[in-house]
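Just so you know, all these numbers are worked out from the coordinates, no wet-lab data involved. Note that the structure is a prediction, hence the values are computed from the model and not measured. Cβ coordinates were reconstructed from backbone atoms using ideal geometry, including for glycine residues, and neighbour counts include every protein chain displayed.
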Amino acid sequence: MAKYNLMQMTKALEKLFNAGYKDEKSILSLQLEDLEKLQDISVVELSIIINLKKAIKSKQIIKFLSGDE
């Protein structure tokens with residue numbers, strides 16, 4: 001997983017939450033088509049969301065958020 005700064009992570013999470021993805025189940029159900037519907041999403045934010053999904057699947061969210069690999 002790549003390391004991201006807190007501002008980048010916060011922006012990505014805010015966009016997910018604003019789009020209605022507010023829990024692990026809904027984030028895991030995100031498909032590529034869903035991601036393109038998110039408002040003004042950057043490549044870095046897409047990467048964060050992809051890695052967040054991986055962290056949720058592997059039950060390592062704190063590790064992901066802390067930037068630990």
Taking the range 55-69 and keeping only residues that are at negative phi, out of contact with any helix residue (DSSP H, G or I) (no Cβ under 8 Å at 6 or more places or on another chain) and surrounded by 10 or more Cβ atoms within 10 Å (Cβ to Cβ), one is left with Ser58, Gln60, Ser66, Asp68
Whether any residue in the range 18-36 is of a type in the set (A, V, I, L, M), more than 24 Å from Lys3 (Cβ to Cβ) and surrounded by 13 or more Cβ atoms within 10 Å (Cβ to Cβ) is what I want to check.
yes
Filter result for Glu45 (farther than 20 Å from Ser66 by Cα and in a helix (DSSP H, G or I)):
no
